[in-house]
1. Filter the range 317-327 down to residues that are part of a loop (DSSP other than H, G, I, E, B) and near ligand 1 (Cβ under 10 Å from one of its atoms), then give me how many there are.
2. Taking the range 241-254 as the search range and keeping residues that are part of a loop (DSSP other than H, G, I, E, B) and within 15 Å of ligand 1 (Cβ to nearest atom), which one is surrounded by the most Cβ atoms within 10 Å (Cβ to Cβ)?
3. All but one of (1) under 21 Å from residue 190 (Cα atoms); (2) surrounded by fewer than 13 Cβ atoms within 10 Å (Cβ to Cβ); (3) in contact with a Leu (Cβ under 7 Å, 6 or more places away or on another chain) hold for residue 381; which doesn't?
4. If residue 182 meets every condition in (1) farther than 20 Å from residue 124 by Cβ; (2) under 14 Å from the mean Cα position of the chain (by Cα) apart from one, which number is that one?
5. Tell me the strands (runs of 3 or more DSSP E) entirely within the range 73-148 that contain at least 2 residues that are surrounded by fewer than 23 Cβ atoms within 10 Å (Cβ to Cβ) and of a type in the set (Ser, Thr, Tyr).
6. For the range 384-409, how many residues meet the condition of being open to solvent by less than 40 Å² (accessible area, probe 1.4 Å) and over 18 Å from residue 341 (Cβ atoms)?
7. Residues in the range 414-436: is at least one among the small types (Gly, Ala, Ser), open to solvent by 40 Å² or more (accessible area, probe 1.4 Å), out of contact with any Cys (no Cβ under 8 Å at 6 or more places or on another chain) and within 22 Å of residue 366 (Cα to Cα)?
8. Within the range 35-52, track down each residue that is open to solvent by less than 30 Å² (accessible area, probe 1.4 Å) and of a type in the set (A, V, I, L, M).
Amino acid sequence: MNLPVWNPAIEFMEREALERLQLAHLRQTVAWALKTPFYRGRLAEIGLRHPEDIAGLRDLRKLPYTTKDDLREAYPRGLLAVDLEQAVRLHTSSGTTGMPTVIYHSRQDLDRWTELVARCIVATGATAADVFQNMTGYGLFTGGLGLHYGAERVGMLVIPASSGNTGRQLHLMQSFQTTVVLVTPCYLLHLLAALDVEGIPRDRLALRKAFIGAEPHSEQTRRKIEELFRIDAYNSYGLSEMNGPGVAFECVYKTGLHLWEDAYILEMIDPRTLEPLPEGKTGEIVMTTLQRQATPLLRYRTRDLSHLLEGHCPCGRTHRRLARIKGRSDDMLIVNGVNIFPSQIEDVLMKVPEVGTNYLIQLDKRGSLDRLVVKTEICAKLFTGEPNALDDLRERIGEWLRSAILVKPAVELHEPGSLPVSEGKAKRVVDLRPAF
Ligand code: ADP
Ligand code: ZN
């Protein structure tokens, strides 16, 4: 296949040249970091006062980690590495797990971010001929503006729809014959259900591709989306601390997420011991920015769990690939002593054809024991059927979950559209257990 590539010189760069480039960028990043009150102190503690003290990429390991709490402590200006007049924009994280963090961008930073996003878009086979409807929130959240500028640079016709207002989204999609959308997996499934409710036939839409990300989702969810919508769905990974979207993206082959290693150095660590992990082992992703002047981050602990993939993608890109994100290290639920990731539950649910597109995991207490309740919507036609069939389905889902997570939850089946839908990141877990 002869596929377009946005920046072949970088995307196909040989490993050795790529590492030389990384080292030069790392020294530059340390120079920028030394301009911030936060890193000046941190780096002085390990005796690092000049960028030249970094002799090779191996020296990265000597640098301290940066955590989300560090970013919160440095809020609002402790990590700003340029004069205010050079900073042209700021973004914050969504605040899913607490107080948001802030990242500043210079004009050069925005230009480089846009370049990374353009590479991602083109890697999925999208082109200037596409009509792109951006359904993620514009504003402080990075999904909206981040993808917006990348898509414009590629030359797509961009519809800055932002999130929510399902009726209007469907209207825009029909009027302008949208071919590509950016959306969270949860909201895309909701949109699909809304098509049915509104009685809009699938062929009124010109949709071909969806970029889905911002929250963990399983391979099964991707397949469900692809089959139900008859489109290609590409996984997009990013976090505001690393700009936002454009960190890692799937190409047409969907063999994992291509990471841009000229912009980020990735390390994989054991989140308990903080020791580096061998290639292929699942651990916490740690990233260092290589091109961001206004807010450089060294060894940022993302708390996201994944592993690096071996081998090469048929597309020929040389940068390493990440497996689908399994969840956050702090997502893990402990139910009567058993460790469970919400993604394991989703995996089981999305394999069941009768299961609809939305679910919720609830934890509460019965006496001294934890109780896990899995609430899931099921397809509309089942509600007209036999009550016994529903009991049977409930029992089967309970058993499948037990074999996957080793705990048998109470399963509740709900009518389509009855569980809450989020316009941004889905809130899948409600923990009602009292905190001690
Ligand atoms: P917050 O950390 O407050 O949610 P962000 O908007 O920066 O704010 O969200 C970034 C986080 O979203 C990532 O660290 C990751 O946990 C999650 N995320 C983003 N894209 C994906 C994806 N494709 N798969 C799984 N999780 C994702
Ligand atoms: Zn590829």
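The values are calculated or read from the model by the stated rules, or taken from the named source; none is laboratory data. The structure presented is a predicted model; accordingly, all values stated were derived computationally and were not measured. With ideal geometry, Cβ positions are generated from the backbone for all residues, glycine too; neighbour counts draw on all protein chains shown. Keep in mind that these areas ignore ligands, DNA and RNA; they rest on the heavy atoms of the full protein, side chains included. Shrake-Rupley method; radii C 1.70, N 1.55, O 1.52, S 1.80 Å.
1. Final tally of qualifying residues: 3.
2. The extreme case among them is 243.
3. Of the numbered conditions (1) under 21 Å from residue 190 (Cα atoms); (2) surrounded by fewer than 13 Cβ atoms within 10 Å (Cβ to Cβ); (3) in contact with a Leu (Cβ under 7 Å, 6 or more places away or on another chain), the odd one out for residue 381 is (3).
4. (1)
5. The qualifying strands (runs of 3 or more DSSP E) are 102-106.
6. 3
7. Yes - at least one qualifying residue is present in the range 414-436.
8. 43, 48, listed by residue number.
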